[in-house]
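Student: I'd like to ask some things about the structure below.
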Amino acid sequence: MSLSDPLGDMLTRIRNGQHARMSVVVSPASKLRVNVLEVLKREGFIRGWSEEELRPGIKNLKIELKYHEGEPVIKQIARVSKPGRRVYSKIADLPRVYNGLGLSILSTPRGVMSDNEARAANVGGEVLCRVF
């Protein structure tokens, strides 16, 4: 099956899994997805993730979702830059998500990072998604 937006597919799987109160969701693996999951884990929005190889060259990601007192930690997760409309931002123009309670995930020349890390490194880039 061909996907036009693989990252958007993974974010939708996470969103749907949180609404259904699932503990683990599965998504096909790619380098970009792994980097986004690393940022989500580092910022405390998911418990973790692991790769499992189905057959040579084909891998899946098992994403462990996180809940606090029965409520999902991720209240909102949305794709910003889409294949039909890429969204780039200078670091000075990047707004804070929910006044700093949420985060934006950016793809920068120094790799995929959160908006706080990008501000510290003083680099802008493509705004992949917003999480709250």
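Student: Ignoring any ligand, DNA or RNA, what whole percent of the accessible area of the chain comes from carbon and sulfur when the probe is 1.4 angstrom?
Tutor: 49
Student: Which residue, 88, 76, 63, has the largest displacement toward the positive end of the dipole of region 1-111 when charges sit on each Cβ (Lys, Arg +1; Asp, Glu -1)?
Tutor: Most positive-ward Cα: 88.
Student: Using Cα pairs closer than 8 Å and at least 6 residues apart in sequence, work out the relative contact order for the chain, in percent.
Tutor: Rounded, it is 23 percent for the chain.
Student: What accessible area per residue, rounded to a whole number of Å², is obtained for region 16-86 using a probe radius of 1.4 Å?
Tutor: Heavy-atom accessible area per residue stands at 62 Å².
Student: Name the aspartates and glutamates eligible as straight-distance cross-link partners of residue 82: C-alpha to C-alpha under 15 Å, and not fewer than 8 places from it in the same chain.
Tutor: 5, 9, 126
Student: To test your reading of the geometry: what angle, between 0 and 90 degrees and rounded to tens, separates the Cα axis of helix 31-42 from the longest principal axis of the chain?
Tutor: 80
Student: Can you pick out the pairs among 66/90; 41/75; 31/75; 31/59 whose Cα atoms lie more than 22 Å from each other?
Tutor: Violating the 22 Å limit, Cα to Cα: 66/90; 31/75.
Student: Sorted by accessible area with a 1.4 angstrom probe, largest first, how do 91, 46 fall?
Tutor: Final ranking, largest accessible area leading: 91, 46.
Student: Step through the residues of region 63-73 one at a time and calculate ³J(HN,Hα) from phi using the Karplus curve (6.51 cos²θ - 1.76 cosθ + 1.60, θ = phi - 60°), rounding each to whole Hz and writing x for Gly and Pro.
Tutor: Computed from phi, the couplings for region 63-73 are 9, 8, 7, 10, 10, 10, 6, x, 9, x, 5 Hz.
Student: Counting pairs of alpha carbon atoms under 8 Å apart in space and at least six apart in sequence, what relative contact order in percent does region 74-120 give?
Tutor: 22
The values are calculated or read from the model by the stated rules, or taken from the named source; none is laboratory data. Since this is a predicted model, take the numbers as computed values, not measurements. All Cβ positions, glycine included, derive from the backbone under ideal geometry; neighbour counts span all protein chains shown. Surface accessibility is based on the protein's heavy atoms, side chains included, excluding ligands, DNA and RNA. Shrake-Rupley method; radii C 1.70, N 1.55, O 1.52, S 1.80 Å.
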